[in-house]
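Notes follow the structure.
The values are calculated or read from the model by the stated rules, or taken from the named source; none is laboratory data. As the structure is a computational prediction, the values presented were derived from the model and not from experiment. A quick note on method: Cβ atoms are made from the backbone with ideal geometry, for glycine too, and the neighbour counts reach across all protein chains shown. Keep in mind that these areas ignore ligands, DNA and RNA; they rest on the heavy atoms of the full protein, side chains included. Shrake-Rupley method; radii C 1.70, N 1.55, O 1.52, S 1.80 Å.
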Amino acid sequence: MNKKCDKVKKFLKGLGTILLYFLINLIVAYSFQDYMYSDNIIMASFFQVIAYLIFLIVLGFVYRKRLIDDFKNFKKDYIRVALKNWIIGLGIMLIANIIISNFGGLATNEEANRTVLQAYPISSIISMVIIGPLVEEITFRASFKKAFDKWYTFALVTALLFGTAHIQNYFITFNIHELLYLLPYSSLGFFFAKAFYETNNIYTSYIAHVIHNGMCVLLLLILFNIGV
C-alpha cells in the first residue's frame, strides 16, 4: 500500500510539473507579449530566448539533482540509444503524418513553429533546438520517471501527455483533424521516453529530441531559404 501511495504521489508531482510548465507559459506570454512579437527583430528574438530560459531556470531548479547526476553519469553509448529510438519514432511519425495529411493541412503547432522560425530564425534555433527540448524532457519525462515500474506504461502515459501538449489548439477549436496529430506527436514521445528509460538518463532522450528538432529546423530553413 505504501509503495502504491508513493507512486501516486510521484505521478501527481509529474502532473504538477506539467501545470507549472503551462503556468510559466501563461505568465511569460502575458508579460512579454509586447516584446516577443515586436517589429524590432532584435528585441523580439531576445525576449523569445529569455522566455525559454525562464522555463529552463525554473524547471531546472526543481529537478537540479536529477540533471546534475545524469550529466555526471552520461555515457557515450547512450548516444547510440538516442539515435536508435529517434529513428524508429521518426519512421512511425512520418507514416502517421502522411496518412493524416490526406485529411487536411498541417498541425497548428507546426504552422506556428514555421511562422516563428521565418520571422526570428536565430532565436528560434536556440529556443527550438537547444533549450526547448531540455525543458520538455524535464516536464514530460523526468518528472514522471519514478511514478512507473514498467517502461511501456511510463512511455505510453508520458507520450500521450507530450502529444496532447502539442495539440493544444484542439481544446479550443475541437477540430478532429487537429486531434489526429496526437498520434505522430505521441509516437515520437513514446520513443523519447523509451530512450530515457533504457539508460535512466535524461540526456539520452534530450539528445534524441535535439536531433529531431535540429533536423526539422534545418529542413525548414532550406525549404524557406531562410538566412541566419
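Around Lys7, what is the net charge, scoring Lys/Arg as +1 and Asp/Glu as -1 over all other residues with Cβ under 10 Å from its Cβ?
The answer is +3.
When semi-axes √(5λ) of the Cα gyration tensor in Å is computed from the coordinates, the matching label among (1) 30, 19, 17; (2) 55, 19, 14; (3) 27, 21, 19 is (3).
The Cα atoms of the range 162-213 cover 38, 17, 13 Å along the three principal axes, with the biggest extent listed first. For the range 50-179, the calculated P(r) over all alpha carbon pairs, in 5 Å bins from 0 to the bin holding the longest distance, is 2, 8, 12, 19, 22, 19, 11, 5, 2, 0 percent. For the set Thr115, Thr204, the ranking by accessible area, highest first and with no ligand, DNA or RNA atoms included, is Thr115, Thr204 under a 1.4 Å probe. Taking a ≥ b ≥ c as the square roots of the eigenvalues of the Cα gyration tensor, the range 90-129 is classed as oblate, since a/c reaches at least 1.5 and a/b does not exceed b/c. Does anyone have the angle between helix 202-223 and the longest principal axis of the chain? Alpha-carbon axes, 0 to 90°, nearest 10? Approximately 20 degrees, to the nearest 10.
Between the range 1-79 and the range 187-228, the C-alpha centres lie 17 angstrom from each other.
Each 5 Å bin from 0 upward holds the following percent of the Cα-Cα pairs of the range 136-228: 3, 14, 21, 19, 16, 14, 9, 3, 1, 0. Working from Cα positions, state the angle (0 to 90°, nearest 10) between the long axis of helix 77-101 and the longest principal axis of the chain. Helix 77-101 sits roughly 60 degrees off the main axis of the chain. The value for the range 16-96 of Rg(Cα) / (2.2 N^0.38 Å) is 1.50. Expressed as a whole percent, the accessible area of the range 35-183 that falls on carbon and sulfur atoms is 69 (1.4 Å probe).
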